[in-house]
Structure formats: structure tokens, C-alpha cells
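Colleague: One structure, as C-alpha cells, below. Some questions next.
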Amino acid sequence: MSPVYFGSEQACLKYGGTIVIQRAGGLALNAAAVAKSFGKKVIVINSVTSRLEQAKKFVAHEVIIITDYPTLYIHINQVRSITSGKGASIAMELTAVV
């Protein structure tokens, strides 16, 4: 959990707004929980459906299956669609390196 709090501090996480979290592993879901506690609308993006189901069940307001949208431009438009055109106030990508 320490890397999540450190990353949140480095990103100057503030109350409210929308966060996009790319990936849906353990670190990412912990970050989503922290962001949700900051009152953020949480959108999780990943290609693994089972992880997105867990994200939606526990912390995410919305999920995006990245393989359904073949380009970055389409990913951005999907986020804008979810946020009524506002987009995300912050985005994070989290992965564990062993």
C-alpha cells in the first residue's frame, strides 16, 4: 500500500474529479480505493475482463475493456463520454515489477 500512497502524493491527488487508472492488478485496485476515498470518480482500464469485473465490484464506478477500443484516441473519447465531455483530472498507470 505504501507505493500507492507515495504515488498519490506525487500526483497531488485532490478531492473530487475523475481518475483513470490503467491496469487492474493489486496495486491498481488499491490506488482505485485510495482515489475513491478522495471522492474521485474511478474509471479502470484493462484488457483482462475478470480483473475489470473485480474492479467494478469493489471500487470502480466505470470500467473500460481496452481491447474493445483499438486506438488511444478512442480510449480518450470513451473517457470523455463517461465524464460528460470533461475527461479525467488525473490518470495513473500502476504495475508491479518483480
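All of the numbers you see were taken from the coordinates with simple rules; none came from a lab. Bear in mind that the values here come from a model prediction, so they are computed numbers and not experimental data. Here the Cβ is made from the backbone with ideal geometry for all residues, glycine too, and neighbour counts use every protein chain on show.
Colleague: For K41, what residues show an amide H to amide H distance below 5 Å, using hydrogens built from the backbone and excluding near sequence neighbours?
Modeller: Under 5 Å from the amide H of K41 lie the amide H atoms of G17, T18, I19, each far enough along the sequence or on another chain.
Colleague: Find, among the GluC sites (Glu not before Pro) in the stretch 1-79, those assigned to loop by DSSP (not H, G, I, E, B) with at most 12 other beta-carbon atoms within 10 angstrom.
Modeller: none
Colleague: What value, in deg cm²/dmol to 500, does the helix sum -39500 (n - 2.57) over DSSP H runs of n ≥ 4 give at 222 nm once divided by the residues of the chain?
Modeller: Result for the chain, helices only: -13000 deg cm²/dmol.
Colleague: So what are the chain's ellipsoid semi-axes, whole angstrom, largest first, if each one is the square root of 5 times an eigenvalue of the alpha-carbon gyration tensor?
Modeller: After scaling each eigenvalue by five and taking roots: 19, 16, 12 Å.
Colleague: Among all stretches of the chain without exposed trypsin sites (Lys or Arg not before Pro) (DSSP loop, at most 15 other Cβ atoms within 10 Å), which one is longest?
Modeller: 15-85
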